[in-house]
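The values are calculated or read from the model by the stated rules, or taken from the named source; none is laboratory data. What you see is a predicted model, and the numbers here were worked out from it, not measured in a lab. Cβ sites come from the backbone with ideal geometry, for glycine too, and all protein chains shown count toward neighbours.
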Amino acid sequence: MVPQSAAVAARAILTSLHEIMASRSGAQAKLNHVVEVIGEKLDSEVCSIYLLREGMLELFATRGLNQSAVHVTRMAVGEGLVGTIAMNIETLNLAEAAAHPDFAFRPETGEERFHSFAGVPIVRRQRAVGVVAVQHVEPRRYEEVEIEALQTVAMVLSELIANAGLIDEDDQLGQGNLPTGPERLQGMALVKGIATGIAVFHQPRVTIEHIVADDTEAERQRVYLAFDKMREQIDRMASQAEFGAGGEHEEVLQTYKMFAYDEGWGRRINEAIDSGLTAEAAIERVQQRTRMRMRQIDDPLLADRMHDLEDLSNRLLRTVSGQLGTAASLGLKGDAILVARNLGPAELLEYDRRRLKGVILEEGSLTAHVVIVARAMGIPVIGRLRGLRGKLREGDQLLVDGDRGVVDMRPTPSMLEAFETRFAKNRERQAHYAAMRAVEPVSRDGQRVTVMINAGLRDDMPMLNLTGADGIGLFRTEFQFLVSATLPARERQTRLYRDVLDAAGDRPVVFRTVDIGGDKVLPYLRHDEGALEENPAMGWRALRVALERDGLLKVQARALLEAAAGRTLNVMFPMVTEPWEFDAAKAVFESQLAFLKRRKKVLPEAIRYGAMVEVPAIAEWLDVLAPRLSFLSIGTNDLTQFLFAADRAHPKLAERYDWLSPAILRFLSRVVTTVAPHGTDITVCGEMGGRRLEALALLGLGITRLSITPAAVGPIKELVSQVDLGQIRQSMAGWLKTPPENMRATLTAWAADHAIDCD
Ligand code: PEP
Ligand code: MG
C-alpha cells in the first residue's frame, strides 16, 4: 500500500513508534520492532537501521536482510550508499541501487535480490548518527510521500537513539559527517593579525530536544505565532533598508520576504506537525526536504537561495524555541572566533572585546564598515569563506591567519605549536612597533609626515598614546549612534566629545559629523517615506540625512561646540557632493555658535571646517570650494567605490579593482594639484593609507598627511623612515604620465630596489 499523504503515513508510523518508545523493552528490541513497523507501513521488503559506533556505520537492526549480518556489516562514513548518505547528510532514492557509483555490495546481507533503495540520514545536532534505509525487490523509485514519512521516522529515531544511549556521545560529537581532522580554508585577508579561539556562531544553531509532540494543536499554535513574529521582523528589516541593511542587502531581504510569506512553506510545516512532530522538528523536517530538492536542481545560483532559506528557517526555529539571542547576548565564554555570514558594525560592537579574538565571514570586503570596526579593534578578519558554516561546528578550535587569509579548523598539536611560534613573532613585531611610539615619522630626505589615527569610540582613545600618533584625523561620530539603542541625547554626545578632546590633549581631533546610512544602519531612525533604497551607499546617507533632518545636525553641532569650549574644534562633513551642502552644514554650526554666544557660553577658540572628498563630483569643484575650507580629507573607501562604480561591501567585487589603479592615482593627483595653490591641508583617511604599498603611492602623489587604523601606525612610520619622498614623487610623476601595465608590480619592484619594506 502506498500511503495517501505524507502526514497520514507518518502519523500512522509515529503512533506505532510512540508506543514502541514508551514500551519497557530494551533498546535493541525496540529497534527490531521499529524496522518491522516501518517496513510494514511503507510496504517495504527491507527496512534497516545503521548506527554510528566507533566511527563506523553498523547494521543495528533489519527486516528483510540476513539477521546474521546484524552487528557484523559495518561501513565507513563515506563508504557505500549508507556511508554516502551519512557523509552528505543527504537522502538517496534509487530505483536501481547497484547502478549508483557509490554502491558497495555486502554479500553477508543477502541484498542482491533488492533493486530499489531509499535511505535517510538520522541526524542529531547537525551530525548524521545513523541511516534508516528501505529496499524493494521491484526496481522503482519511492514516492515522495514515502520519503517524507521516512524522514519523519529518522527524526524520531534520533530521539529514541539518544534516549536509549545507543550511540556514544563521543561518536556523535567526534565522528559523523563533518570531517573531524584538520582542514584549511582559504579566504580573503580583510584585517591582518593572527588569532586562535573556539568557533562561535553569531547566530547559534538551535538544538532540537523534542521531536514527538504531546499536543499537536499547541504545536500548531506555536508555529503560527512564530511565523507572525518572523514576518514582522522581516518587514521591519525591509523598512530599515534605506540604511543598507548591514549585510542583509536587498536581494537577500526580498528572498526572505518571499519565503516568509510563502504559503507552501507554512502548509508543509503544518502537515509535518499533523504527522505528530513538535513545531521545531516540523520546521527542521521541512528544511531537510527543501535541502534535498534544492540539491537536485543543478543551478549554482540556487545555492545562495538555499542559504537564505536556511537562514530564515533558522530564524523561525529560534523564534519558536525561544532561543533568540545572538552569541553576543549569550556572552562569550572564552577566547572566541566569531563565525557569520556577514555582520553589521553595530553587531560586532556588541561583543566583549576581551574575548573576541577573530572574525571569519562568508562574505565581507576590505572597506565594509564591520571590517573597519574590527580593524580599529585590532581583531583579525578573514572574509569570503564560502560555505563556511557548513564546514565547522560550534566549539571547533580555529587558527585564524589574517595575514594570509587562511583559517585552519581543528588544528593538530604540531600546527598549534607552529602557530604559537608565529604568535611569538607577531608579539615581537608588535613590541617593535610599540617601541617606535616616540619616533617621529620623518622621511629619509628629512620631511615630516603626519600620521594620525581613525577612531570612533571612547575605547579607541588609549590608542593615541600607545601608537604615538599625531592626532585623530577622522573621528567617526556615528559609531556612538551605532552602538546605542536610541538616538544619543545631546548631553551624552557632549560628554563623549569632551572626553575625546581631553584624552587627545594638544593633539588635534577631527570630528566627522554623522555618516549614517549605507552599511551603517540605525534601527531607531526610520526613513519617513519608508522607501526601500536600491543603492543605500548612494542613497539618503551622511550629510544628505543630516541636512534634511537638521535637528540631528543641530544637536550634534551644539554638542561639538560645547565640548570644544576654549579649544580648537575641527569638524568635517562627509559625502559633500556640491559646495552648497558644505555651506549649509557650516551654517548650522554657525547658527548654533551664535546661539551659544547669545547665551554667553564659553565658545571654541577656533573652528576649522573641512570637507571630505568621497563623491567624485566634488573634485570638480575644488578650485571653488578650497578657499572656503580649512582642510580637506580624502575618504578613499567611498571615493573608490564611486569611481569604480563598485559597491565597497560587495563580496564579489572585493578584489576586482586595485587601489593602485592609475585611475585612482591620477584622480588623487588632480585633487592634490587643484588644491595646492590654496594651501589647504589634504589628508587621506581611507583604509588605503594604512597599507604600506598604497601609502608609498600616496606619498608619491605628494600627500603627507595620513589618518589610518591604529595598528598601521607603526608599520607606516617605519615605511616613512625608509622612503626618500623626492625620489618616489619623481618616479610617480613618470608613472602617472605613462602608466605601467601593472602599477602594483611596478611599485613593489621599486620598493624592493630602494630597500623599502612593503609587506
Ligand atoms: C571613506 O569613505 O574613505 C571614509 C574614511 O569614511 P567611511 O569609511 O567611514 O565611509
Ligand atoms: Mg566614507
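Worth a mention:
- Residues that are in contact with a strand residue (DSSP E or B) (Cβ under 7 Å, 6 or more places away or on another chain), more than 21 Å from Asn426 (Cβ to Cβ), of a type in the set (A, V, I, L, M) and within 16 Å of ligand 2 (Cβ to nearest atom) within region 685-731 comprise just one, Leu706.
- Test: residue in region 655-675 that is within 30 Å of Ala434 (Cβ to Cβ) and either part of a helix (DSSP H, G or I) or within 24 Å of the chain's Cα centre (by Cα) (or both): yes
- When each of Ala587, Ala557 is tested for being out of contact with any helix residue (DSSP H, G or I) (no Cβ under 7 Å at 6 or more places or on another chain) and of a type outside the set (D, E, K, R), the lone residue that passes is Ala587.
Yes/no per residue for (1) in contact (Cβ under 8 Å) with a residue 40 or more places away in the chain; (2) over 29 Å from Tyr609 (Cβ atoms); (3) charged (D, E, K, R):
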| position | (1), (2), (3) |
| --- | --- |
| Asp647 | yes, yes, yes |
| Ala676 | no, no, no |
| Arg692 | yes, yes, yes |
| Ala697 | yes, no, no |
| Pro710 | yes, no, no |
| Pro740 | no, yes, no |
| Thr746 | no, yes, no |
| Ile756 | yes, yes, no |
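- Restricting Leu625, Leu693 to those that are farther than 21 Å from Glu578 by Cβ, at pLDDT 95 or above, more than 13 Å from ligand 1 (Cβ to nearest atom) and outside any loop (DSSP other than H, G, I, E, B) reduces the list to Leu693.
- Note on region 489-531: residues that are more than 16 Å from ligand 1 (Cβ to nearest atom), hydrophobic (A, V, I, L, M, F, W, C) and modelled with pLDDT of 95 or more amount to 5.
- Boolean, His369 is at pLDDT below 85 and over 23 Å from Ala260 (Cα atoms): yes
- Candidates Leu332, Leu366, Leu324, filtered to the one that is outside any helix (DSSP H, G or I) and within 16 Å of ligand 1 (Cβ to nearest atom): Leu366
- Residue match in region 551-564 (condition: within 16 Å of ligand 1 (Cβ to nearest atom), surrounded by 22 or more Cβ atoms within 10 Å (Cβ to Cβ) and part of a helix (DSSP H, G or I)): yes
- Qualifying positions in region 465-489 - assigned to a helix (DSSP H, G or I), more than 22 Å from the chain's Cα centre (by Cα) and surrounded by 15 or more Cβ atoms within 10 Å (Cβ to Cβ): Leu466, Thr467
- Considered as a group, the residues in region 259-274 that are surrounded by fewer than 19 Cβ atoms within 10 Å (Cβ to Cβ) and free of Cβ contacts under 8 Å to residues at least 40 places away in the same chain include one that is nearest to Thr152 (Cα to Cα), and that residue is Arg267.
- Qualifying positions in region 587-608 - surrounded by 14 or more Cβ atoms within 10 Å (Cβ to Cβ) and part of a strand (DSSP E or B): Pro604, Ile607, Arg608
- Tally of residues being closer than 23 Å to Val77 by Cα, of a type outside the set (A, V, I, L, M) and not in a loop (DSSP other than H, G, I, E, B) across region 33-67: 9
- Close pairs (7 angstrom Cβ cut-off, 6 or more residues apart or separate chains): closer than 23 Å to Gln592 by Cα in region 476-494, aliphatic (A, V, I, L, M) and loosely packed, with under 14 Cβ neighbours inside 10 Å anywhere: none
- Residues (without any contact (Cβ under 8 Å) to a residue 40 or more places away in the chain and of a type in the set (A, V, I, L, M, F, W, C)) located in region 589-606: Phe589, Leu593, Ala594, Phe595, Leu596, Val602, Ala606
- Applying the criterion of being over 23 Å from Met732 (Cα atoms) and within 16 Å of ligand 2 (Cβ to nearest atom) to the residues of region 609-630, the residue that is surrounded by the fewest Cβ atoms within 10 Å (Cβ to Cβ) is Ala617.
- Leading residue by the ranking (farthest from Val286 (Cα to Cα)) among those in region 213-265 that are among the hydroxyl-bearing types (Ser, Thr, Tyr) and at pLDDT below 80: Ser239
- The set of residues in region 654-671 being among the hydrophobic types (A, V, I, L, M, F, W, C) and either within 16 Å of ligand 2 (Cβ to nearest atom) or crowded, with 16+ Cβ neighbours inside 10 Å (or both) consists of Ala654, Trp659, Leu660, Ile664, Leu665, Phe667, Leu668, Val671.
- Among the residues of region 634-653, those that are within 14 Å of ligand 2 (Cβ to nearest atom) and assigned to a helix (DSSP H, G or I) comprise Thr636, Asn637, Asp638, Leu639, Thr640, Gln641, Phe642, Leu643.
- Ala611, sole failed condition from (1) within 14 Å of ligand 1 (Cβ to nearest atom); (2) of a type outside the set (Ser, Thr, Tyr); (3) closer than 29 Å to Pro740 by Cβ: (3)
- Filter result (within 20 Å of Arg648 (Cα to Cα) and modelled with pLDDT of 95 or more) within region 381-404: Val381, Ile382
- Residue match in region 743-758 (condition: at pLDDT below 95 and either among the basic types (Lys, Arg) or surrounded by fewer than 22 Cβ atoms within 10 Å (Cβ to Cβ) (or both)): yes
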